[in-house]
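Notes follow the structure.
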Amino acid sequence: MRTRFAVSHRARSRFVRRGLRNYFEYRDLGIRRATRGKVVAHLIRARRGKAPHGQWHRHDCQVQFVYVLKGWADFEYEGVGRVRVKAGTCFYQPPSIRHREIRHSPDLEMLEVVAPADFRTRDAAAPAA
């Protein structure tokens with residue numbers, strides 16, 4: 001399967017409210033289509049007036065990393081603890097690590113890259129203390 005060239009211009013793209021979390025908006029960058037589902041890349045930004053619910057979950061994927069463009073967010077990871085990320089932070093989430101978002105700034109914006117593009121997210125009970 002051959003991949004394709006792709007370009008995504010801000011002026012021709014838009015954020016949509018459908019996506020993994022209802023407190024975020026997502027802007028697809030065209031990488032899913034270009035790689036025929038091998039990888040997805042999107043911008044994620046906080047939705048005004050929406051707060052994270054702090055639900056523990058995990059993603060069934062091979063690779064997931066995030067670069068924070070604006071603002072900050074607090075996450076909690078099983079075996080790691082609480083982590084604050086802010087503009088300029090890049091972080092890698094190992095496959096299936098149990099985690100949750102606790103809070104974020106109103107101006108949060110992140111670039112996320114995940115492989116494969118169609119990955120499953122599963123709710124996960126809080127880790128044992």
Query raised in the report: Across region 35-46, what is the number of residues that are open to solvent by less than 50 Å² (accessible area, probe 1.4 Å) and within 14 Å of the chain's Cα centre (by Cα)?
Result: 7
Query raised in the report: Can you name the number of the only condition in (1) touching a strand residue (DSSP E or B) at 6+ places or on another chain (Cβ under 7 Å); (2) at pLDDT below 95 that Arg84 fails?
Result: (2)
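Return the only residue of Trp56, Trp72 being open to solvent by 50 Å² or more (accessible area, probe 1.4 Å) and of a type in the set (A, V, I, L, M, F, W, C). If you could, list the steps in order and put the result at the bottom.
Working: Trp56 fails: open to solvent by 50 Å² or more (accessible area, probe 1.4 Å).
Result of the check over Trp56, Trp72: Trp72.
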Query - Matching residues in region 15-34 - criterion: being modelled with pLDDT under 65 and either surrounded by 14 or more Cβ atoms within 10 Å (Cβ to Cβ) or of a type in the set (A, V, I, L, M) (or both) - result: Val16, Gly19, Leu20, Arg21
Query raised in the report: If Arg45 passes every condition in (1) more than 19 Å from Ala124 (Cβ to Cβ); (2) modelled with pLDDT under 95; (3) part of a loop (DSSP other than H, G, I, E, B) but one, which one does it miss?
Result: (3)
Query - Residue in region 94-109 that is in a loop (DSSP other than H, G, I, E, B), free of Cβ contacts under 8 Å to residues at least 40 places away in the same chain and among the small types (Gly, Ala, Ser) present - result: yes
Query - Hey, Tyr77 modelled with pLDDT of 90 or more and either basic (Lys, Arg) or open to solvent by less than 40 Å² (accessible area, probe 1.4 Å) (or both) or not - result: yes
Query - Failed condition for Val85, given (1) among the aliphatic types (A, V, I, L, M); (2) open to solvent by less than 60 Å² (accessible area, probe 1.4 Å); (3) farther than 19 Å from His42 by Cβ - result: (3)
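The values are calculated or read from the model by the stated rules, or taken from the named source; none is laboratory data. Please read all numbers here as calculations on a predicted model, not as lab measurements. Cβ sites come from the backbone with ideal geometry, for glycine too, and all protein chains shown count toward neighbours. Surface accessibility is based on the protein's heavy atoms, side chains included, excluding ligands, DNA and RNA. Shrake-Rupley method; radii C 1.70, N 1.55, O 1.52, S 1.80 Å.
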